[in-house]
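The values are calculated or read from the model by the stated rules, or taken from the named source; none is laboratory data. Please read these numbers as outputs of a predicted model, since none were measured by experiment. Note: ideal-geometry Cβ built from the backbone for every residue, glycine included; neighbour counts use all protein chains shown. Side chains are part of the model used for accessible areas, which takes the heavy atoms of the whole protein and leaves out ligands, DNA and RNA. Shrake-Rupley method; radii C 1.70, N 1.55, O 1.52, S 1.80 Å.
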Amino acid sequence: MIKEFKEFISRGNVLDLAVGVIIGGAFTSIVKALVNYLINPLIGLCVGGIDFSDWSFKVFDATFKIGSFINSVINFLIIAFVVFLIVKFVNKLMPQKEEEEVIPDNTELYLKEIRDALVNKSDSSTFSNEEYNK
């Protein structure tokens, strides 16, 4: 069982996933700092420092802090937009991969030859090679 676990852990996919999670955690703290310390204060200047966190209502003994939820949604949208801009910027910096030309395999070539031979052998004028190539 230990040998199987060792093989599972040493697979490339598991290691790639672990690296992705670690880098993602570090990147999350960078984006949160950017949003909390740079972007939110700028937005606060523009909208007059509106803070929804005090908004709440009570139903019997339960208190619903709807303002905190609204703040969380706004922060999520800001963070999502910042990540979108970062990804868009990085994609412009990275060179685009050229699409590789698809080379048909032998089976496809042989089937086309058989089709062409059958079309040429046929005396029927209703079928033509151009119709099959569409």
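At a 1.4 Å probe radius, carbon and sulfur cover how many percent of the accessible area of region 1-77?
71
Please give the solvent-accessible surface of Lys112 in Å², to the nearest 10, using a probe radius of 1.4 Å with every protein chain present.
90
Mind running the shape call on region 20-60? Use the C-alpha gyration tensor, a ≥ b ≥ c as the square roots of the eigenvalues: rounded below 1.5 for a/c, prolate if a/b tops b/c, oblate otherwise.
Oblate, since a/c reaches 1.5 and b/c is not below a/b.
Give the accessible surface of region 53-124 per residue, rounded to a whole number of Å², with probe radius 1.4 Å and ligands, DNA and RNA excluded.
About 95 Å² of surface per residue is accessible.
Please label the shape of the chain as rounded, prolate or oblate, based on the square roots a ≥ b ≥ c of the eigenvalues of the alpha-carbon gyration tensor (a/c under 1.5 means rounded; beyond that, a/b larger than b/c means prolate, else oblate).
Note, shape of the chain comes out prolate.
Report relative contact order for the chain in percent, whole number only (criteria: Cα-Cα under 8 Å, sequence separation at least 6). Numbers along the way, then the final one.
Values: 47 pairs, mean separation 17.4, N = 134.
Here the relative contact order equals 13 percent.
Solvent-accessible area of Leu38, probe 1.4 Å, all protein chains present, reported in Å² to the nearest ten, please.
Rounded to the nearest 10, the figure is 100 Å².
Helix 106-121 versus the longest principal axis of the chain: what angle, 0 to 90°, nearest 10, using Cα atoms?
50
Just the accessible area for Phe84, please: 1.4 Å probe, Å², rounded to the nearest 10?
110
Order Ser68, Ser56, most accessible first, counting only protein heavy atoms with a 1.4 angstrom probe.
Largest accessible area first, the list is Ser56, Ser68.
Could you order Asp16, Asp105, Asp116 by accessible surface area, starting with the largest, using a probe radius of 1.4 Å?
Accessible-area ranking of Asp16, Asp105, Asp116, largest first: Asp16, Asp105, Asp116.
Trypsin sites (Lys or Arg not before Pro) within region 65-109: which are DSSP loop residues with at most 16 other Cβ atoms inside 10 Å?
Lys65, Lys97
Report the net charge of residues surrounding Gly67, where surrounding means a beta-carbon distance below 11 angstrom and charges are Lys +1, Arg +1, Asp -1, Glu -1.
Once all neighbours under 11 Å are counted, the net charge is -1.
Loop by DSSP (not H, G, I, E, B), at most 11 other beta-carbon atoms within 10 Å: where is the longest site-free stretch of the chain for GluC sites (Glu not before Pro)?
It works out to 1-97.
Could you run the Karplus curve 6.51 cos²θ - 1.76 cosθ + 1.60 with θ = phi - 60° over region 80-95 and give me ³J(HN,Hα) per residue in whole Hz, x for Gly and Pro?
4, 5, 5, 4, 4, 5, 5, 4, 5, 5, 5, 4, 6, 6, 6, x
Report, in degrees rounded to the nearest 10, the 0 to 90 angle that the Cα long axis of helix 12-34 makes with the longest principal axis of the chain.
40
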